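Just below is one structure, and these are the notes that go with it.
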Amino acid sequence: MELSLTVNGKARTDDVEPRLLLVHYLRDVARLTGTNIGCDTSSCGACTVHMDGEAVKSCTVLAVQADGHEITTIEGLASDGTMHPMQEAFRQNHALQCGYCTPGMVMAATSFLKENPHPTEAEVREGLEGNLCRCTGYHNIVKAILAAAQS
């Protein structure tokens with residue numbers, strides 16, 4: 001099937017299998033490997049991207065479902081070589097350990113702050129319930145999100 005969408009601000013048209021997951025499209029076809037595959041069951045959130053500005057787990061979306069939509073991956077957050085404020089907050093607050101969950105966490109957090117720009121710590125923790133950090137780096141992740149909310 002022909003798929004036409006915008007990925008990180010660039011229009012793309014590709015032929016894809018109807019059963020191809022969006023995460024595999026992004027990694028294997030678009031060659032954007034910042035989106036990680038963690039579980040293939042939507043449990044971990046490592047594959048979180050934005051579709052039309054909303055956080056989605058790309059392992060639960062078929063690529064053809066993204067036809068006509070705008071997708072933003074972790075690679076698309078930075079602008080002109082400058083990290084997105086959330087990326088910078090993660091860096092400044094040491095909000096990563098192994099880094100595997102980080103792209104999905106950053107994408108989920110940016111979407112969360114659009115909906116709740118001034119969250120409490122409890123709201124941040126609840127807002128991240130769909131994203132897992134296997135290194136248990138949650139303390140600094142929460143700290144980073146709260147810092148980004150204040151910037």
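The values are calculated or read from the model by the stated rules, or taken from the named source; none is laboratory data. Quick caveat, the model's predicted, so the values are computed rather than measured. Cβ: placed from backbone, ideal geometry, glycine included. Neighbour counts: every protein chain shown.
At-a-glance table
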item: Residue tally, condition within 15 Å of residue 61 (Cβ to Cβ) and within 13 Å of the chain's Cα centre (by Cα), over segment 8-26; result: 3
item: All strands (runs of 3 or more DSSP E) inside segment 36-151 with 3 or more residues being on the phi < 0 side of the Ramachandran plot and not assigned by TED's automatic domain parsing to the domain that holds residue 21; result: none
item: Of residues in segment 70-83 being surrounded by fewer than 18 Cβ atoms within 10 Å (Cβ to Cβ) and in contact (Cβ under 8 Å) with a residue 12 or more places away in the chain, the one farthest from residue 137 (Cα to Cα); result: 70
item: Residue within segment 23-32 that is assigned to a loop (DSSP other than H, G, I, E, B) and in contact with a helix residue (DSSP H, G or I) (Cβ under 9 Å, 6 or more places away or on another chain) present; result: yes
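Condition check ((1) surrounded by 22 or more Cβ atoms within 10 Å (Cβ to Cβ); (2) among the small types (Gly, Ala, Ser)) across all residues:
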residue	(1), (2)
11	no, yes
15	no, no
20	no, no
26	yes, no
29	no, no
34	no, yes
37	no, no
42	no, yes
48	yes, no
